[in-house]
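Below is one structure, written out as structure tokens; comments come after it.
The values are calculated or read from the model by the stated rules, or taken from the named source; none is laboratory data. As the structure is a computational prediction, the values presented were derived from the model and not from experiment. Note that each Cβ is placed from the backbone with ideal geometry, even for glycine, and that neighbours are counted across all protein chains shown.
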Amino acid sequence: MNAGLFFQVLVNGLMSGGMYALIASGFTLILGVMQIFNFAQGQFYMLGAFTTFAVTSSLGLPYPIAVLAALLAMGILGMLFHFAIIQWVMPYGFFHSLLVTISFATIVGQSSLLTFGYKEGVVPAVVPGTLTIGEIMFNRGKLVVIAGAIVVMVILYFFMKTKMGTAMQAAAENREVAGLQGINSKQIFWVTMAVGCALCGAAGGFIVPVLGASVTMGTKVFIKAMLVVMIGGMGSMSGALIAAFLVGIIESFAFHFVGELNLLVIFGFMGLLMFFRPGGLLGKPLPIPGE
């Protein structure tokens, strides 16, 4: 492997890691604050991709506006999902909420298949061509995806420093104590669901010009996002971000050497890590939420 190929594989890994980071961050946020395993995260990612495709192809609007539309649309859909379904099943415990998100993900997946079929939605490259540094060539489109993911994560970081973000962190630490401090848990919950789903929408919007939009993309990426959460540590946002890029890089290099068996390499890495650190990189072993 020469230097050019090494950096190309590395960029592929960073691009995948950026997507995993956004999806896993949303998943971790919802899990930490609401104690819900949202199995529909991957479907919000898929819908975000198709929203971006629809806005650019049907409405003819610029790509940045399409990504923003995907982010807002998935945030609103997540909020409606909470008000229409989640808030009514949360009092019944963890497993009821789990089954509801699985059911919702299945309905969305099948409805999308009937609507879009197996055709892929393709958005023209935002920044076509390659960037050449010496003998090393970088795909400009992939660099845009990495940059976009980093920008959103920086915005998320500063959002978590605001009054609302601090309240969400307090609710994640101890919901009862946060309530005694005057934090409105009902408001925190719908904001959390909206932010968590909006992150998936942004991820879907970023990836469309590179990989396109397909109805199966949500399921594939959600499996990787779950691995990221487990490797990073349940409930640890920092752990999820580190693990996301780590998994993306391992996946990219493993695919170069062993092809489709790259998932086995990731599982092997996770198994080895769990043996020495059962709680993940920055987390700790947790009981089942709600118990």
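When G233 is tested against (1) small (G, A, S); (2) at positive phi; (3) surrounded by fewer than 22 Cβ atoms within 10 Å (Cβ to Cβ), exactly one condition is not met: (3).
Considering each residue of the stretch 194-217 in turn, none proves to be in contact (Cβ under 8 Å) with a residue 40 or more places away in the chain, closer than 28 Å to Q87 by Cβ and among the aromatic types (F, W, Y).
For the stretch 10-47, a residue qualifies if it is surrounded by 24 or more Cβ atoms within 10 Å (Cβ to Cβ), among the polar types (S, T, N, Q) and more than 15 Å from A147 (Cβ to Cβ), and the qualifying residues are S25, T28, N38, Q41, Q43. Evaluating S214 against the criteria (1) surrounded by fewer than 18 Cβ atoms within 10 Å (Cβ to Cβ); (2) of a type in the set (S, T, Y); (3) in contact with a Phe, Trp or Tyr (Cβ under 8 Å, 6 or more places away or on another chain) leaves one unmet condition, (1). All conditions but one from (1) crowded, with 24+ Cβ neighbours inside 10 Å; (2) more than 16 Å from G75 (Cα to Cα); (3) modelled with pLDDT of 85 or more apply to L199; the one that does not is (2). Within the stretch 11-39, how many residues turn out to be closer than 24 Å to G93 by Cβ and among the hydroxyl-bearing types (S, T, Y)? Number of matching residues: 1. Could you please find all residues in the stretch 37-53 being in a helix (DSSP H, G or I) and not polar (S, T, N, Q)? G42, F44, Y45, M46, L47, G48, A49, F50, F53, listed by residue number. Filtering I150, I107 for residues that are farther than 24 Å from L61 by Cα and not hydroxyl-bearing (S, T, Y) leaves a single hit, I107.
Among the residues of the stretch 236-270, those identified as of a type in the set (S, T, Y) and either surrounded by fewer than 17 Cβ atoms within 10 Å (Cβ to Cβ) or part of a helix (DSSP H, G or I) (or both) are S238, S252.
Residue check: is I136 at negative phi, without any contact (Cβ under 8 Å) to a residue 60 or more places away in the chain and out of contact with any strand residue (DSSP E or B) (no Cβ under 8 Å at 6 or more places or on another chain)? For I136, the condition - at negative phi, without any contact (Cβ under 8 Å) to a residue 60 or more places away in the chain and out of contact with any strand residue (DSSP E or B) (no Cβ under 8 Å at 6 or more places or on another chain) - is not met.
For the stretch 102-128, the set of residues classified as in contact with a helix residue (DSSP H, G or I) (Cβ under 8 Å, 6 or more places away or on another chain) and either surrounded by 13 or more Cβ atoms within 10 Å (Cβ to Cβ) or among the polar types (S, T, N, Q) (or both) consists of F104, A105, V108, G109, S112, F116, G121, V122, V123, A125, V126, V127, listed by residue number. Identification of helices (runs of 4 or more DSSP H) wholly contained in the stretch 72-180 with 2 or more residues that are under 21 Å from T52 (Cα atoms) and of a type in the set (S, T, N, Q) yields 94-116. Within the stretch 80-101, being polar (S, T, N, Q) and surrounded by fewer than 18 Cβ atoms within 10 Å (Cβ to Cβ) holds for one residue alone: Q87. Filtered by the rule that a residue be of a type in the set (D, E, K, R) and surrounded by fewer than 16 Cβ atoms within 10 Å (Cβ to Cβ), the stretch 129-159 gives E135, R140.
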